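Only the coordinates and a few stated rules stand behind these numbers; no lab work does. Keep in mind it's a predicted model, so treat the numbers as computed, not measured. Note that we place each Cβ from the backbone using ideal geometry, even for glycine, and neighbour counts take in every protein chain shown.
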Amino acid sequence: FYWHCVQQHARFIERFGLKELLRAKLTECGWRDQLKAHCKDVIKEKGLEHVTVEDLVVEITPKGRVLVPDSVKKELLQRIRAFLAQHAT
Amino acid sequence: MKMEDMSLSGLDNTKLEALAQDIYSDLVEDACLGLCFEVHRAVKQGYFFLDDTDQESMKDFEIVDQPGVDIFGQVYNQWKNKECVCPNCNRSIAASRFAPHLEKCLGMGRNSSRIANRRIASSNNMNNKSESDQEDNDDVNDNDWSYGSEKKKRKSDKVFLHSLKQHIPLVSFIAVEIHVLYVVFLSTCNCKGANR
């Protein structure tokens, strides 16, 4: 029981680490700035005063998914597979 | 996304690959949402378009690097040697000594309560030695003692709150850990019911 708890905890921490890794890589490769520029267009279109989180999410998320560079995607998938292999005991 | 609470060993490769893709798209979506929230907040707080200011206006906000002047270009030791008049005792005090003088003059601040308590303690000792008028003196001293101990309690409360505030990052981390353990506990309860 105890070991199971430790495993679950390790998985949680690993998930969190993967999140941070992805964010760092995306900032590094300019993905953030690209998307921010797209955000500016959305804001100018909807108006600074009236733009909502929903507006941004609907416009930005699909583009964001597409804009992730292949190298980043590959590396992240590699790490995820390794992580899953590690914990498939 | 909920924590996976089933064992991974039973899954074959295609399912593991699908799981990996799921986790990946989950992570990307998380990053996108994070960006949306940040941008939305920047828009609502009014700092989103700050880096779009033209070169001319940017020069107004450049960091100043001259001697005798702070980074905003203001002179900072202009009033160091001016003299102020204390509103309590009407004495003329130098500006750099004004704050400590005011502490003692008004009877507030950390040191003045310590000095006052010491004076009370020494005068209490002197009064206990004299035999006449002992009751009257004791009453007067009782009031002073209770006031002093109230001050001490307030002071220690302030110190406690301040040290607690410094530990807020630690406290939130502990809260996350407790939440994790709670989730783990729930999932293991489910596991125990199903597999084990």
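For chain A, the longest principal axis of the C-alpha atoms and the axis of helix A:70-87 are separated by about 30°. 3J(HN,Hα) along segment B:172-186: 5, 5, 4, 4, 4, 4, 5, 4, 4, 4, 5, 4, 4, 4, 4 Hz, from the Karplus curve 6.51 cos²θ - 1.76 cosθ + 1.60 with θ = phi - 60°, whole Hz, x for Gly and Pro. With a simple spin-label model that places each label point 7 Å from the Cα along the Cα-to-Cβ direction, the separation between B:K44 and B:Q74 comes to 3.1 nm. Peptide B:86-99 has a mean of 0 when you count, residue by residue, the C-beta atoms of other protein chains within 10 Å of its C-beta. About its Cα centre, the dipole of segment A:1-42 is roughly 60 debye, where the only charges are +1 on Lys and Arg Cβ and -1 on Asp and Glu Cβ. Per-residue mean of foreign Cβ neighbours for A:28-38 is 2 (Cβ atoms of other chains, 10 Å radius).
Shielding value for A:9-16 is 3, the average number of Cβ atoms from other chains within 10 Å of each residue's Cβ. Taken one residue at a time, the phi angles of segment B:71-77 give Karplus couplings (6.51, -1.76, 1.60, θ = phi - 60°) of 5, 8, x, 8, 6, 9, 10 Hz. Gly and Pro are set to x. Arranged from fewest to most other beta-carbon atoms within 10 Å of their beta carbon, A:L77, A:L22 become A:L77, A:L22. Checking the a/c ratio against 1.5 first, then a/b against b/c, what shape does the Cα gyration tensor give for segment B:1-125? Cα axes put segment B:1-125 in the oblate bin. Axis of helix A:53-67 versus longest Cα principal axis of chain A: the two differ by about 60°, to the nearest ten degrees.
For segment B:85-93, backbone phi angles converted through the Karplus equation (6.51, -1.76, 1.60; θ = phi - 60°) give residue-by-residue couplings of 9, 6, x, 8, 10, 6, 9, 9, 10 Hz, Gly and Pro being listed as x. In chain A, helical runs assigned H by DSSP with n ≥ 4 each contribute -39500 (n - 2.57); averaged across all residues and rounded to the nearest 500, the mean residue ellipticity at 222 nm is -29000 deg cm²/dmol. Note on B:S25, B:S123: ascending count of other Cβ atoms within 10 Å places them as B:S25, B:S123, the fewest first. Cβ crowding within 10 Å, taken as a proxy for footprinting-reagent exposure, orders B:S96, B:S57 from fewest neighbours to most as B:S57, B:S96. Summarising the label geometry, the points placed 7 Å from Cα in the beta-carbon direction at B:N90 and B:K15 lie 9.1 nm from one another. How would chain A be classified by its alpha-carbon gyration tensor: rounded, prolate or oblate, with rounded meaning a/c under 1.5 and the a/b versus b/c comparison settling the rest? Taking the square roots of the gyration eigenvalues as a ≥ b ≥ c, chain A is prolate.
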